Amino acid sequence: MTPLPARRRRAAPTAALPTVLGAGLVAALLLAGPAAVADEGLTEESHSRYVLRAKDTEVRATMTTTIGNVTPDRGLTYYYYTSYAVPVPAGAQDVRATSGGASLPVRLEGTDDPSTRYAVATFAPLRYGSTRTIEWSFVVPGEPVRSEDYTRVGDGFATFATPGVGDAGRTTVEVVLPASMTFDATSDVFTHERSGKTVTYTATENTDKDGIWAVVSARDPKKADEKAVEVGDTTLTLQSFPGDERWTRFVAKRLTTGLPVLEDLVGRPWPGGLDTIREDVSPKVLGYAWFDPDNDEIVIPEDLDEATLYHELGHAWLNPDRLKERWLSEGMTEVVAHRVVALTGGKSDPWDAPDRDADVAVPLSAWDARPGELDEDAEAYGYAASYTVVQKLLGNLDDDTFTAVVSAAQAGQSAYERPGSTDENWGRTDWRRFLDLVETRGEVAGAPKVLRTWVLDADQRSALKPRAAARDAYAALDDADGAWSPPLGLRTAMTDWEFGDAKDVRGALDGAAQDAGAVQAAAEAAGLDVPAPVRAAYEGASGADDYAGLATLLPRAAAVMTRVGEAGRAAAADRDPVSGLGALVLGVDRASARAQADLAAGDLDAAASRADAAAGRADAAPWVGAGLVVLVLGAAGGVAALVVRRRRRAGSAAGASVVVEDALEEGVVLPAAGDPEVPRSGADAVEPGPRQHLL
């Protein structure tokens, strides 16, 4: 994050004896660091006005400052001021000061801020009780892109400081822009009013004890160079400052190479919701770039910074709609961005771990500042600490495991549900869900200690100990129930960190996990799949009645699985021809298949009944087969040959004879209709007997 402009500090007046003329000290200086306590010996009032005209590429500024010496003389000692300074943009030109119609000498002095200088006007000693009004004017021409000075003024864009020096309630800053331009500022104290083709933005509330300090950025969206970039099925429009082709080439190349890598790391395709990537100086002066979902654009600085580009692209996935806490959204996005830079062969400058004991350090769960309320030191700490935490937790994971955790967090998955599932226990990922995912999906050791150090306050830390005990008990139950997930009621309690409820659920289950393991063992032994309704009943149990029902269902399922398996093995056993005939006639295979079908449907009673029937038939198959053989052989022995030949009579219309071939005997000829049952010539004699039905 680029530091915001430095604040200024006041100096005390000069004390002098009547016989000695003292040199006055600067009464208002811009120095690095927080503002000092205001000097009560001087009153200040000012009105500053900065005007950007539509056709100009410069800002014209005027200031009217009135100062009064309120430091009383003490005996022979008196206090006076002989100079006064105001901050102006470093590139300010034609700086002038007048007082009472006369020009004052003005010199420019540098500051620690490369974008700011002092304009110092000198005058005759200002004694106690006296006031002086100074009229200032200067021109701000702007600096080239990517120069150290952030001041920019060009065709359709401008960024510049708008300081106003004065006491509370006596300071006004006005910024006049064409109505076609957007307006951003480092402070939210500005109101606006349109008049014709211009808009005046006015601040009257001091931003600190010294007055008003803000950097403003204006942009006419219609005055930009544009280029469309296609990445797969996605088309994005780049909007750069006029003529800044280097920025356009840089961003276009990184989009082409980096966006597919981003998709892979997050584990989800590009979600859309972005049309434009816009170059602006605002991120540099505000201290942050941003993703604007309302306008479907991201705004990044003119700096050629790969990590910032990928960070803002990453917010298309990793944003407050998905990640509840600011540190998590910013930290995860920053870690992902630097990982993309590394994977694409680029260079980046990650945050160093900040001092956890710094004055601005807070538990990251409390880091929730918003634009207009930002303290640059606290912001720098928050961004650095957020990156540090997520990097400590995810930085050493391989790409696949890294993606598994990031994707699950982005999707709002619970660590206690199957990977990829959002059917149950979906929700925005907060620090609790994230910690569960890091330990469960990432298998990261020491994760609670990292959060304890950087993220959690005292109340939040107190939940870690009961969580550890609850997770141990959950793991033991999960081991006992085999490949199944623990019941829904328990998974929900663990997801919600309701560890008392989780304990109650475990008590109500009372051995159900072991029974679930026994069902799976029975299925494996039987060579069958566990009935889906049985597994669903266990995994979906979420109330007292459900838990109580498992005590009967699961043992019954295991027993029936065993019986169906035994019936199946009996049906599939090798058989001699006689037993095989009996099994075929009795339908052993069909009975076993029906038992398995009933089992798969969850109809345990029907499955048990059919399994018993199939087993009984399998046992009886040899006897039934033998009986059938005896029956067939006995029936065949009673018919050696039946030959009945129809005698053809000359001229008879029905004299045809019929020959029937039988498996036991060929050449048996049955008599034709109407013929006496007597042997025909060429046939052996047959004793008359009952008619045989050949099967």
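The values are calculated or read from the model by the stated rules, or taken from the named source; none is laboratory data. On a predicted model such as this, the values are computed, not experimentally measured, just so you know. So basically every Cβ, Gly included, is an ideal-geometry build from the backbone, and we count neighbours across all protein chains shown.
Across segment 99-125, the number of residues qualifying as of a type in the set (Asp, Glu) and crowded, with 16+ Cβ neighbours inside 10 Å comes to 1. Based on what the data block shows, is Tyr128 touching a residue at least 12 places away in the same chain (Cβ under 8 Å), buried (at least 17 other Cβ atoms within 10 Å of the Cβ) and farther than 26 Å from Pro242 by Cβ? In short, no.
When Asp457, Asp479, Asp501 are checked against the criterion of being at pLDDT 95 or above and surrounded by 15 or more Cβ atoms within 10 Å (Cβ to Cβ), Asp501 stands alone in meeting it.
Just to check your reading of the model, which residue among Val639, Val644, Val632 is modelled with pLDDT under 80, surrounded by fewer than 20 Cβ atoms within 10 Å (Cβ to Cβ), among the β-branched types (Val, Ile, Thr) and not in a helix (DSSP H, G or I)?
Numbers: Val644 fails: surrounded by fewer than 20 Cβ atoms within 10 Å (Cβ to Cβ); Val632 fails: not in a helix (DSSP H, G or I).
Step by step, each of Val639, Val644, Val632 is checked, and only Val639 is modelled with pLDDT under 80, surrounded by fewer than 20 Cβ atoms within 10 Å (Cβ to Cβ), among the β-branched types (Val, Ile, Thr) and not in a helix (DSSP H, G or I).
In segment 113-124, the residues that are assigned by TED's automatic domain parsing to the domain that holds Thr62 form Cβ pairs under 6 Å with partners that are of a type in the set (Lys, Arg) and assigned to a strand (DSSP E or B), at six or more places apart or across chains, as follows: Val120/Arg107.
Cβ-Cβ contacts under 9 Å between residues 6 or more apart (or on different chains), taken from a first residue in segment 521-544 that is assigned by TED's automatic domain parsing to the domain that holds Gly565 to a second residue that is hydroxyl-bearing (Ser, Thr, Tyr), are listed as Ala522/Thr562; Ala525/Thr562; Ala526/Thr562; Tyr538/Ser485; Glu539/Ser485; Ala541/Tyr547; Ser542/Thr492. Note on segment 336-359: residues that are within 18 Å of Val266 (Cβ to Cβ) and of a type in the set (D, E, K, R) amount to 1.
None of Pro72, Pro87 is modelled with pLDDT of 90 or more and surrounded by 15 or more Cβ atoms within 10 Å (Cβ to Cβ) except Pro87.
Quick check on my filter: what residues within segment 228-262 are touching a Pro at 6+ places or on another chain (Cβ under 8 Å) and surrounded by 18 or more Cβ atoms within 10 Å (Cβ to Cβ)? Walk me through it before giving the result.
First, pick out the residues of segment 228-262 that are touching a Pro at 6+ places or on another chain (Cβ under 8 Å): 231-232, 239.
Gln239 - this is the single residue of segment 228-262 that is touching a Pro at 6+ places or on another chain (Cβ under 8 Å) and surrounded by 18 or more Cβ atoms within 10 Å (Cβ to Cβ).
Rundown of residues vs (1) crowded, with 21+ Cβ neighbours inside 10 Å; (2) of a type in the set (A, V, I, L, M, F, W, C); (3) part of a loop (DSSP other than H, G, I, E, B), yes/no style:
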{"residue": "Val362", "(1), (2), (3)": "no, yes, yes"}
{"residue": "Ala380", "(1), (2), (3)": "no, yes, no"}
{"residue": "Ala384", "(1), (2), (3)": "no, yes, no"}
{"residue": "Leu393", "(1), (2), (3)": "yes, yes, no"}
{"residue": "Glu417", "(1), (2), (3)": "no, no, yes"}
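Take Gly154 and tell me if it is out of contact with any strand residue (DSSP E or B) (no Cβ under 9 Å at 6 or more places or on another chain) and not assigned by TED's automatic domain parsing to the domain that holds Asp296. Here the answer is yes, as Gly154 does meet what is asked. Only one of the listed residues (Leu488, Leu451) is among the hydrophobic types (A, V, I, L, M, F, W, C) and either surrounded by fewer than 15 Cβ atoms within 10 Å (Cβ to Cβ) or farther than 30 Å from Tyr383 by Cα (or both). That residue is Leu488. Looking only at segment 417-450, residues that are basic (Lys, Arg) and more than 13 Å from the chain's Cα centre (by Cα) come to 4 in all. Here Glu193, Glu174 are screened, and the one residue that is exposed (fewer than 15 other Cβ atoms within 10 Å of the Cβ), in a strand (DSSP E or B) and either within 41 Å of the chain's Cα centre (by Cα) or not hydrophobic (A, V, I, L, M, F, W, C) (or both) is Glu193. Filtering segment 399-415 to residues that are over 11 Å from Arg441 (Cβ atoms) and not acidic (Asp, Glu) leaves Gln410, Ala411, Gly412. Residues in segment 316-329 that are crowded, with 23+ Cβ neighbours inside 10 Å and touching a Phe, Trp or Tyr at 6+ places or on another chain (Cβ under 9 Å): Trp317, Leu323, Trp327, Leu328.
Selection of segment 395-410 for residues being more than 21 Å from Ser365 (Cα to Cα) and surrounded by 15 or more Cβ atoms within 10 Å (Cβ to Cβ) yields Leu397, Thr401, Phe402, Thr403, Ala404, Ser407.
Cβ separations smaller than 7 Å between residues 6+ apart or across chains give the following pairs from segment 266-294 residues that are outside the structural domain of Phe183 (by TED's automatic domain parsing) to residues that are basic (Lys, Arg): Asp280/Arg219; Val281/Arg152. For first residues located in segment 455-478 and without any contact (Cβ under 8 Å) to a residue 40 or more places away in the chain and under 19 Å from Tyr416 (Cα atoms), partners that are surrounded by 15 or more Cβ atoms within 10 Å (Cβ to Cβ) and polar (S, T, N, Q) and lie 6+ apart or on another chain with Cβ distances below 8 Å form the pairs Asp478/Ser485. Restricting attention to segment 420-444, the residues being under 20 Å from Pro271 (Cβ atoms) and either in a loop (DSSP other than H, G, I, E, B) or at pLDDT below 95 (or both) number 6.
Kindly indicate whether Leu451 is modelled with pLDDT of 95 or more, farther than 23 Å from Leu318 by Cβ and not small (Gly, Ala, Ser).
Values: modelled with pLDDT of 95 or more: yes; farther than 23 Å from Leu318 by Cβ: no; not small (Gly, Ala, Ser): yes.
Here the answer is no, as Leu451 does not meet what is asked.
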